[in-house]
Amino acid sequence: MTYDELVRSWSDTAHDRLPGDDQDRIVLDCARQLTDDPAGESAYRWVFGLALMLPHTELAGGDVPEVVADAVRAVRRERAGQVCAHREHPGEEEDGEDLLYLFPDVLLMLADPDGTWVDNYTQEQWLCPVTVDRFAAMVLQTLEPGAAPDAPPLLPFAAQRELDSLTAIVEGYPAPGTDVAEEVRAVGQGLRWQRGADLAGQVITAAALTWWEGTALSSDAAYEALVQGFEAVLDATADVECAHDAHPALPRWATAAVCLGIHLSSPGGRGVYERRGACLKEPLPLEPLLCPVFTSSVARDSLDRLRALRAEPVQGEQD
(Lines give C-alpha, C1' and ligand atoms only; values in the text may rest on other atoms or scores of the structure.)
Protein backbone atom coordinates (compact mmCIF):
# COMPACT_ATOMS: atom_id res chain seq x y z
CA MET A 1 0.00 0.00 0.00
CA THR A 2 1.41 3.41 -0.95
CA TYR A 3 1.39 6.29 1.50
CA ASP A 4 -1.34 8.03 -0.52
CA GLU A 5 -3.47 4.88 -0.30
CA LEU A 6 -2.81 4.66 3.44
CA VAL A 7 -4.01 8.22 4.02
CA ARG A 8 -7.04 7.54 1.83
CA SER A 9 -7.87 4.49 3.97
CA TRP A 10 -7.71 6.66 7.08
CA SER A 11 -10.08 9.17 5.49
CA ASP A 12 -12.42 6.38 4.36
CA THR A 13 -12.46 5.06 7.94
CA ALA A 14 -13.27 8.52 9.30
CA HIS A 15 -16.23 8.75 6.93
CA ASP A 16 -17.39 5.15 7.51
CA ARG A 17 -16.91 4.10 3.89
CA LEU A 18 -15.40 0.68 4.62
CA PRO A 19 -16.63 -2.50 6.35
CA GLY A 20 -16.44 -2.20 10.13
CA ASP A 21 -13.82 -4.93 10.59
CA ASP A 22 -11.58 -3.30 8.00
CA GLN A 23 -11.89 0.02 9.78
CA ASP A 24 -10.95 -1.53 13.12
CA ARG A 25 -7.90 -3.13 11.53
CA ILE A 26 -6.79 0.13 9.93
CA VAL A 27 -7.09 1.99 13.24
CA LEU A 28 -5.23 -0.73 15.15
CA ASP A 29 -2.44 -0.87 12.56
CA CYS A 30 -1.98 2.89 12.88
CA ALA A 31 -1.96 2.71 16.68
CA ARG A 32 0.61 -0.09 16.70
CA GLN A 33 2.90 1.82 14.36
CA LEU A 34 2.78 4.69 16.82
CA THR A 35 3.34 2.42 19.82
CA ASP A 36 6.46 0.97 18.17
CA ASP A 37 8.13 4.40 17.95
CA PRO A 38 6.23 7.15 19.81
CA ALA A 39 9.23 9.51 19.69
CA GLY A 40 10.19 8.88 16.06
CA GLU A 41 10.25 11.36 13.21
CA SER A 42 7.17 9.74 11.69
CA ALA A 43 5.14 9.79 14.91
CA TYR A 44 3.22 12.82 13.69
CA ARG A 45 1.79 10.75 10.82
CA TRP A 46 0.31 8.14 13.13
CA VAL A 47 -0.99 10.72 15.61
CA PHE A 48 -2.68 12.73 12.85
CA GLY A 49 -4.03 9.50 11.38
CA LEU A 50 -5.56 8.51 14.72
CA ALA A 51 -7.03 11.98 15.15
CA LEU A 52 -8.52 11.75 11.67
CA MET A 53 -10.12 8.39 12.47
CA LEU A 54 -11.67 9.50 15.77
CA PRO A 55 -15.23 9.43 14.36
CA HIS A 56 -14.84 5.65 14.08
CA THR A 57 -12.68 5.02 17.13
CA GLU A 58 -14.90 6.83 19.64
CA LEU A 59 -17.73 4.39 18.88
CA ALA A 60 -15.63 1.28 18.13
CA GLY A 61 -16.03 -1.86 20.16
CA GLY A 62 -13.54 -4.35 21.53
CA ASP A 63 -10.10 -3.15 22.48
CA VAL A 64 -9.80 -0.53 19.71
CA PRO A 65 -10.33 2.57 21.90
CA GLU A 66 -8.00 1.22 24.60
CA VAL A 67 -5.19 0.41 22.15
CA VAL A 68 -5.44 3.87 20.60
CA ALA A 69 -5.55 5.59 23.99
CA ASP A 70 -2.42 3.72 25.11
CA ALA A 71 -0.61 4.69 21.89
CA VAL A 72 -1.27 8.42 22.21
CA ARG A 73 -0.51 8.28 25.92
CA ALA A 74 2.97 7.03 25.02
CA VAL A 75 3.41 9.98 22.67
CA ARG A 76 2.42 12.37 25.43
CA ARG A 77 4.99 10.87 27.77
CA GLU A 78 7.71 11.37 25.17
CA ARG A 79 6.77 15.02 24.63
CA ALA A 80 6.05 16.03 28.21
CA GLY A 81 7.40 19.47 29.02
CA GLN A 82 8.43 20.39 25.49
CA VAL A 83 8.03 24.04 24.51
CA CYS A 84 8.40 26.03 21.29
CA ALA A 85 8.45 29.59 19.99
CA HIS A 86 5.24 29.33 17.95
CA ARG A 87 2.43 31.66 18.95
CA GLU A 88 -0.24 29.42 17.43
CA HIS A 89 -0.67 25.77 16.57
CA PRO A 90 -3.08 23.84 14.34
CA GLY A 91 -6.12 22.42 16.09
CA GLU A 92 -6.64 25.30 18.51
CA GLU A 93 -9.57 26.85 16.63
CA GLU A 94 -10.69 24.27 14.06
CA ASP A 95 -13.69 22.10 14.88
CA GLY A 96 -13.89 18.37 14.31
CA GLU A 97 -15.58 18.63 10.93
CA ASP A 98 -12.83 20.96 9.69
CA LEU A 99 -10.13 18.56 10.81
CA LEU A 100 -11.73 15.64 8.95
CA TYR A 101 -11.19 17.45 5.69
CA LEU A 102 -7.92 19.12 6.64
CA PHE A 103 -5.85 16.15 7.83
CA PRO A 104 -5.65 14.16 4.56
CA ASP A 105 -4.33 17.15 2.60
CA VAL A 106 -1.89 18.13 5.35
CA LEU A 107 -0.56 14.58 5.68
CA LEU A 108 0.09 14.38 1.94
CA MET A 109 1.68 17.84 1.80
CA LEU A 110 3.97 17.05 4.74
CA ALA A 111 5.16 13.94 2.90
CA ASP A 112 6.19 16.11 -0.07
CA PRO A 113 8.28 19.00 1.33
CA ASP A 114 9.10 20.22 -2.19
CA GLY A 115 5.46 20.44 -3.20
CA THR A 116 3.08 23.39 -2.93
CA TRP A 117 2.02 24.28 0.62
CA VAL A 118 -1.50 25.73 0.87
CA ASP A 119 -2.42 25.72 4.57
CA ASN A 120 -2.65 28.77 6.85
CA TYR A 121 -0.17 27.15 9.24
CA THR A 122 3.41 26.46 8.18
CA GLN A 123 4.99 23.04 7.83
CA GLU A 124 7.06 23.81 10.92
CA GLN A 125 3.92 24.54 12.94
CA TRP A 126 2.34 21.26 11.89
CA LEU A 127 5.48 19.27 12.70
CA CYS A 128 6.06 21.06 16.00
CA PRO A 129 6.23 18.63 18.96
CA VAL A 130 3.63 20.78 20.73
CA THR A 131 1.22 20.32 17.82
CA VAL A 132 1.73 16.56 17.84
CA ASP A 133 1.24 16.46 21.60
CA ARG A 134 -1.97 18.49 21.40
CA PHE A 135 -3.53 16.19 18.83
CA ALA A 136 -2.45 13.19 20.90
CA ALA A 137 -4.15 14.88 23.87
CA MET A 138 -7.28 15.48 21.79
CA VAL A 139 -7.50 11.79 20.92
CA LEU A 140 -6.91 10.73 24.53
CA GLN A 141 -9.43 13.19 25.97
CA THR A 142 -12.07 12.04 23.48
CA LEU A 143 -11.60 8.37 24.31
CA GLU A 144 -11.05 8.86 28.06
CA PRO A 145 -12.71 12.11 29.19
CA GLY A 146 -10.65 13.74 31.91
CA ALA A 147 -7.41 11.97 30.94
CA ALA A 148 -6.05 15.00 29.06
CA PRO A 149 -7.68 18.17 30.42
CA ASP A 150 -5.15 20.32 28.53
CA ALA A 151 -6.43 19.05 25.18
CA PRO A 152 -8.03 21.48 22.73
CA PRO A 153 -11.82 21.10 23.23
CA LEU A 154 -13.61 18.98 20.68
CA LEU A 155 -17.32 18.29 20.26
CA PRO A 156 -17.60 14.47 20.10
CA PHE A 157 -18.27 13.30 16.56
CA ALA A 158 -21.30 11.32 17.72
CA ALA A 159 -22.66 14.56 19.18
CA GLN A 160 -22.00 16.35 15.88
CA ARG A 161 -23.97 13.68 14.05
CA GLU A 162 -26.85 14.06 16.53
CA LEU A 163 -26.71 17.84 16.11
CA ASP A 164 -26.88 17.56 12.32
CA SER A 165 -29.79 15.12 12.45
CA LEU A 166 -31.89 16.98 15.04
CA THR A 167 -31.28 20.30 13.30
CA ALA A 168 -32.60 18.86 10.05
CA ILE A 169 -35.61 17.44 11.90
CA VAL A 170 -36.67 20.70 13.58
CA GLU A 171 -36.13 22.53 10.29
CA GLY A 172 -38.60 20.13 8.71
CA TYR A 173 -36.13 18.53 6.31
CA PRO A 174 -34.80 15.34 7.91
CA ALA A 175 -32.15 13.52 5.93
CA PRO A 176 -33.45 10.64 3.77
CA GLY A 177 -33.76 7.47 5.80
CA THR A 178 -34.02 9.28 9.15
CA ASP A 179 -36.35 7.58 11.64
CA VAL A 180 -37.69 10.79 13.19
CA ALA A 181 -39.68 9.00 15.88
CA GLU A 182 -36.61 7.02 16.97
CA GLU A 183 -34.46 10.16 17.09
CA VAL A 184 -37.03 11.91 19.30
CA ARG A 185 -37.48 8.83 21.49
CA ALA A 186 -33.72 8.57 22.02
CA VAL A 187 -33.57 12.16 23.28
CA GLY A 188 -36.38 11.46 25.74
CA GLN A 189 -34.78 8.25 26.97
CA GLY A 190 -31.51 10.07 27.52
CA LEU A 191 -33.19 12.35 30.02
CA ARG A 192 -34.13 9.41 32.23
CA TRP A 193 -30.57 8.35 33.02
CA GLN A 194 -28.52 11.49 32.45
CA ARG A 195 -27.28 13.30 35.55
CA GLY A 196 -24.43 15.64 36.46
CA ALA A 197 -23.11 18.46 34.32
CA ASP A 198 -24.39 16.91 31.07
CA LEU A 199 -28.03 17.03 32.20
CA ALA A 200 -28.56 20.74 31.47
CA GLY A 201 -27.61 20.30 27.83
CA GLN A 202 -29.78 17.21 27.44
CA VAL A 203 -32.78 19.10 28.80
CA ILE A 204 -32.20 22.08 26.50
CA THR A 205 -31.92 19.75 23.51
CA ALA A 206 -35.19 18.03 24.45
CA ALA A 207 -36.84 21.41 25.12
CA ALA A 208 -36.09 22.49 21.56
CA LEU A 209 -38.02 19.49 20.27
CA THR A 210 -41.15 20.70 22.09
CA TRP A 211 -41.13 23.81 19.90
CA TRP A 212 -41.79 21.60 16.88
CA GLU A 213 -45.31 20.24 16.34
CA GLY A 214 -44.01 17.10 14.74
CA THR A 215 -42.59 15.92 18.07
CA ALA A 216 -46.00 15.09 19.51
CA LEU A 217 -47.08 13.49 16.26
CA SER A 218 -43.96 11.46 15.52
CA SER A 219 -45.08 8.39 17.50
CA ASP A 220 -46.67 7.47 20.81
CA ALA A 221 -43.40 5.91 21.95
CA ALA A 222 -41.43 9.08 21.18
CA TYR A 223 -43.99 11.28 22.91
CA GLU A 224 -44.09 9.08 26.01
CA ALA A 225 -40.30 8.91 26.17
CA LEU A 226 -40.08 12.70 26.25
CA VAL A 227 -42.86 13.01 28.84
CA GLN A 228 -41.25 10.40 31.08
CA GLY A 229 -37.84 11.98 30.55
CA PHE A 230 -38.98 15.42 31.66
CA GLU A 231 -40.81 13.88 34.62
CA ALA A 232 -37.61 12.07 35.66
CA VAL A 233 -35.68 15.36 35.50
CA LEU A 234 -38.30 17.10 37.64
CA ASP A 235 -38.12 14.31 40.21
CA ALA A 236 -34.31 14.53 40.29
CA THR A 237 -34.31 18.32 40.68
CA ALA A 238 -37.27 18.69 43.02
CA ASP A 239 -35.23 20.09 45.92
CA VAL A 240 -32.51 22.05 44.13
CA GLU A 241 -31.70 25.63 45.06
CA CYS A 242 -29.42 28.34 43.72
CA ALA A 243 -28.26 31.88 44.49
CA HIS A 244 -28.96 33.36 41.05
CA ASP A 245 -31.18 36.45 40.90
CA ALA A 246 -32.29 35.48 37.40
CA HIS A 247 -31.72 32.83 34.76
CA PRO A 248 -31.08 33.22 31.03
CA ALA A 249 -33.68 32.84 28.32
CA LEU A 250 -33.17 30.10 25.77
CA PRO A 251 -32.47 31.07 22.14
CA ARG A 252 -35.50 32.06 20.08
CA TRP A 253 -34.97 29.45 17.41
CA ALA A 254 -35.22 25.70 17.90
CA THR A 255 -32.13 25.11 15.76
CA ALA A 256 -30.03 27.37 17.99
CA ALA A 257 -31.43 25.69 21.11
CA VAL A 258 -30.58 22.24 19.73
CA CYS A 259 -27.05 23.41 18.98
CA LEU A 260 -26.68 24.91 22.45
CA GLY A 261 -28.06 21.81 24.13
CA ILE A 262 -25.83 19.39 22.21
CA HIS A 263 -22.74 21.45 23.08
CA LEU A 264 -23.62 21.59 26.78
CA SER A 265 -24.17 17.81 26.91
CA SER A 266 -20.48 16.82 26.99
CA PRO A 267 -17.24 18.16 28.50
CA GLY A 268 -15.75 18.62 25.04
CA GLY A 269 -18.80 20.44 23.77
CA ARG A 270 -18.82 22.75 26.79
CA GLY A 271 -15.16 23.49 26.15
CA VAL A 272 -15.94 24.44 22.55
CA TYR A 273 -18.83 26.62 23.73
CA GLU A 274 -16.65 28.42 26.27
CA ARG A 275 -13.88 29.01 23.75
CA ARG A 276 -15.91 29.94 20.68
CA GLY A 277 -19.50 30.46 21.77
CA ALA A 278 -20.82 27.88 19.35
CA CYS A 279 -24.37 28.41 18.07
CA LEU A 280 -24.95 31.95 19.36
CA LYS A 281 -23.80 35.36 18.15
CA GLU A 282 -23.93 36.59 21.75
CA PRO A 283 -23.08 33.55 23.89
CA LEU A 284 -24.72 33.27 27.28
CA PRO A 285 -22.50 32.69 30.32
CA LEU A 286 -21.98 28.99 30.89
CA GLU A 287 -22.46 28.79 34.65
CA PRO A 288 -26.14 29.87 34.85
CA LEU A 289 -26.97 27.65 31.87
CA LEU A 290 -25.80 24.66 33.93
CA CYS A 291 -27.72 25.74 37.05
CA PRO A 292 -29.97 22.88 38.27
CA VAL A 293 -32.78 25.32 39.11
CA PHE A 294 -32.69 26.60 35.54
CA THR A 295 -32.62 23.03 34.26
CA SER A 296 -35.66 22.16 36.36
CA SER A 297 -37.52 25.23 35.11
CA VAL A 298 -36.78 24.38 31.47
CA ALA A 299 -37.95 20.80 32.03
CA ARG A 300 -41.19 21.97 33.66
CA ASP A 301 -42.00 24.48 30.90
CA SER A 302 -41.12 21.93 28.23
CA LEU A 303 -43.34 19.25 29.75
CA ASP A 304 -46.27 21.67 29.84
CA ARG A 305 -45.63 22.68 26.22
CA LEU A 306 -45.33 19.08 25.12
CA ARG A 307 -48.61 18.10 26.76
CA ALA A 308 -50.31 21.10 25.19
CA LEU A 309 -49.30 19.76 21.78
CA ARG A 310 -51.57 16.79 22.48
CA ALA A 311 -54.03 18.81 24.53
CA GLU A 312 -53.23 16.91 27.72
CA PRO A 313 -53.94 18.67 31.03
CA VAL A 314 -50.82 20.14 32.63
CA GLN A 315 -49.99 19.58 36.27
CA GLY A 316 -52.29 21.56 38.56
CA GLU A 317 -55.23 21.79 36.15
CA GLN A 318 -58.61 20.43 37.14
CA ASP A 319 -60.45 18.00 34.88
Please tell me if Ala69 is part of a helix (DSSP H, G or I), over 27 Å from Arg17 (Cα atoms) and touching a Leu at 6+ places or on another chain (Cβ under 8 Å).
-> no
When you scan the range 225-312 for helices (runs of 4 or more DSSP H) that lie fully inside it, which ones turn up with 1 or more residues that are buried (at least 22 other Cβ atoms within 10 Å of the Cβ), in contact with a Leu (Cβ under 9 Å, 6 or more places away or on another chain) and without any contact (Cβ under 8 Å) to a residue 60 or more places away in the chain?
-> 254-264, 267-276
Go through the residues of the range 124-144 one by one and say whether even a single one is modelled with pLDDT under 90, out of contact with any Lys or Arg (no Cβ under 6 Å at 6 or more places or on another chain), at negative phi and not in a helix (DSSP H, G or I).
-> no
In the range 101-127, anything out of contact with any Pro (no Cβ under 7 Å at 6 or more places or on another chain), surrounded by 12 or more Cβ atoms within 10 Å (Cβ to Cβ) and closer than 27 Å to Gln160 by Cα is listed as Tyr101, Leu102, Phe103, Pro104, Asp105, Val106, Leu107, Leu108, Asp119
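Inspect all residues belonging to the range 128-136 and state whether any of them is among the basic types (Lys, Arg) and open to solvent by less than 60 Å² (accessible area, probe 1.4 Å).
First, the residues of the range 128-136 that are among the basic types (Lys, Arg): 134.
Retained after the next criterion (residues that are open to solvent by less than 60 Å² (accessible area, probe 1.4 Å)): none.
No, that holds for no residue.
So is Ala148 of a type in the set (Gly, Ala, Ser) and surrounded by fewer than 20 Cβ atoms within 10 Å (Cβ to Cβ) or not? If you could, list the steps in order and put the result at the bottom.
Numbers: of a type in the set (Gly, Ala, Ser): yes; surrounded by fewer than 20 Cβ atoms within 10 Å (Cβ to Cβ): no.
No; evaluated as a whole, the condition is false for this residue.
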Listed residues Val83, Val7; which is among the β-branched types (Val, Ile, Thr) and modelled with pLDDT of 95 or more?
-> Val7
Of a type in the set (S, T, N, Q) and modelled with pLDDT under 90: does that describe Thr116?
-> yes
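Just one of Leu50, Leu59, Leu28 is modelled with pLDDT of 95 or more and farther than 20 Å from Asp105 by Cβ; which is it?
On the way: Leu50 fails: farther than 20 Å from Asp105 by Cβ; Leu59 fails: modelled with pLDDT of 95 or more.
After ruling out the rest, the residue left standing is Leu28.
Residue-by-condition table, conditions (1) out of contact with any Ser or Thr (no Cβ under 8 Å at 6 or more places or on another chain); (2) at pLDDT below 90:
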{"site": "Val240", "(1), (2)": "no, no"}
{"site": "Ala254", "(1), (2)": "yes, no"}
{"site": "Leu264", "(1), (2)": "yes, no"}
{"site": "Leu290", "(1), (2)": "yes, no"}
{"site": "Glu317", "(1), (2)": "yes, yes"}
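Could you grab me the full set of residues in the range 211-224 that are open to solvent by 50 Å² or more (accessible area, probe 1.4 Å) and aromatic (Phe, Trp, Tyr)?
Trp211, Trp212
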What are the residue pairs meeting all of these: first residue in the range 46-68, first residue over 13 Å from Leu154 (Cβ atoms), second residue in a helix (DSSP H, G or I) and among the basic types (Lys, Arg), Cβ atoms under 8 Å, and 6 or more apart or on different chains?
-> Val67/Arg32
Flagged in the range 16-48 as surrounded by 13 or more Cβ atoms within 10 Å (Cβ to Cβ) and outside any helix (DSSP H, G or I), in numbering order, are Leu18, Asp37, Pro38, Gly40
In the range 171-210, residue farthest from Leu309 (Cα to Cα) [restricted to those that are basic (Lys, Arg) and either open to solvent by less than 10 Å² (accessible area, probe 1.4 Å) or in a helix (DSSP H, G or I) (or both)] | Arg192
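The values are calculated or read from the model by the stated rules, or taken from the named source; none is laboratory data. Please read these numbers as outputs of a predicted model, since none were measured by experiment. Every residue, glycine among them, receives a Cβ derived from its backbone with ideal geometry; neighbour counts consider all protein chains shown. Quick note on the areas: whole protein, heavy atoms, side chains included, nothing else; ligands and nucleic acids left out. Shrake-Rupley method; radii C 1.70, N 1.55, O 1.52, S 1.80 Å.
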